[in-house]
Amino acid sequence: IQRFTGAHELGHVYLGHTESLDGEEILSRGGPTDEREIAANSFASAFLLPKWLLQLQAKRQGWNRKSMSDPQTVYQLALRVGASYEATCVALQTHHIVDGITATKLMDVSPRALKIALLAGLSIENYFPDVWLLTERDEGLALEGQPDDLFILRLAEKAGAGYLWNTTDLVNSGFAILRDQREIPPPHEAIGGPVTRALTARRSDPAQGRFALEMKRPWQKEDIAIASLHLAYDLYGKEVGMPRAVRRQLAAA
């Protein structure tokens, strides 16, 4: 709401509107009736969550229009575009990616319920942190989160051929592995086929950096990895006071 209000006011400036006093009606679901307020709202929506950004993330993950009816998918989309779950639902409706009925059903699901389902029995102190579900499709992604966010890495692993994901760099980067599971398909479905490695990791202190996971045979030290996942992360959370980017510039100067 704070970001939308700021973007709305920026829209007034960018569009050259004369001075006015905005009330809470600019945030109402019914929307404002004044043409200038409607224009500023449209600017704010396009500025914060443009349609191309939603489409870019969907294409990267292999999601389609039908996928957007799944609350878990929308939650992961929200994390990647840097918006709240509710704001992302509204944006999907605004851009006519989902209809009003679907958007209402999505917003009826609480992010807390989605986090509990993702963690699948893993208990945590509270559910304020976000839960990221990461796969090989997230190669090269820059994660912008907060301390205590949880990361579930679901990666295909060829354990039958001796190829395993090496988590050394993840641990050396300060992440604690809370759970490490392998989801093995029934024998009649995929004998000798890949299994899914599900790692749940967390870093509790504010930090910025990157890590890489490689899938290779652990006993062959010089063996080339047959798959890898490189991720950058910024877990400083919400800005407080002067923006961190500005403070870094001043410190460098």
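One table, with the values for the structure above:
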item	result
Rounded tilt (10° steps) of 71-81 against the dominant C-alpha axis of the chain	80 degrees
Convex hull (Cα only) mean projected area of segment 207-253, reported in nm² to one decimal	5.3 nm²
Under 13 Å, Cβ to Cβ, from R179 - net charge with Lys/Arg +1 and Asp/Glu -1	+2
Debye equation applied to the C-alpha atoms of the chain, log10 I(q)/I(0) at 0.07, 0.11, 0.14, 0.16 Å⁻¹	-0.32, -0.73, -1.09, -1.30
Positive-pole candidate from W63, V74, G100, dipole of segment 47-134, charges at beta carbon	W63
Relative packing of peptides 77-83, 161-167, 244-250, 60-66 - highest average C-beta neighbours within 10 Å first	77-83, 161-167, 60-66, 244-250
Volume per residue that the Cα convex hull of segment 71-146 spans, once the total is divided by residue count, Å³	102 Å³
Dipole of the chain [Lys/Arg +1, Asp/Glu -1 at C-beta], most positive-end residue of A156, H230, V246	A156
Angle between the chain longest axis and helix 35-48 axis [Cα atoms, degrees, rounded to 10]	20 degrees
Heavy-atom accessible surface of the chain: percent carbon and sulfur, 1.4 Å	55 percent
Neighbour cut-off at most 16 other Cβ (10 Å), DSSP loop, GluC sites (Glu not before Pro), segment 122-151	E125, E139
Solvent-accessible heavy-atom area per residue, rounded to whole Å², over the chain at 1.4 Å	59 Å²
Diffusion coefficient, µm² s⁻¹, Stokes-Einstein with Kirkwood Rh over alpha-carbon pairs of segment 1-148 at 37 °C and 0.692 mPa s	196 µm²/s
Among 86-92, 47-53, the order from most to least packed when residues are scored by Cβ within 10 Å on average	86-92, 47-53
Folded to 0 to 90 degrees: helix 85-94 orientation relative to the chain principal axis, Cα	60 degrees
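The values are calculated or read from the model by the stated rules, or taken from the named source; none is laboratory data. Owing to the predicted nature of the structure, the values given are computational and were not obtained by experimental measurement. Here Cβ is always computed from backbone atoms with ideal geometry, including for glycine, and neighbour counts include all displayed protein chains. For the accessible areas, the whole protein counts, side chains as well, though only heavy atoms, and no ligand, DNA or RNA atoms are used. Shrake-Rupley method; radii C 1.70, N 1.55, O 1.52, S 1.80 Å.
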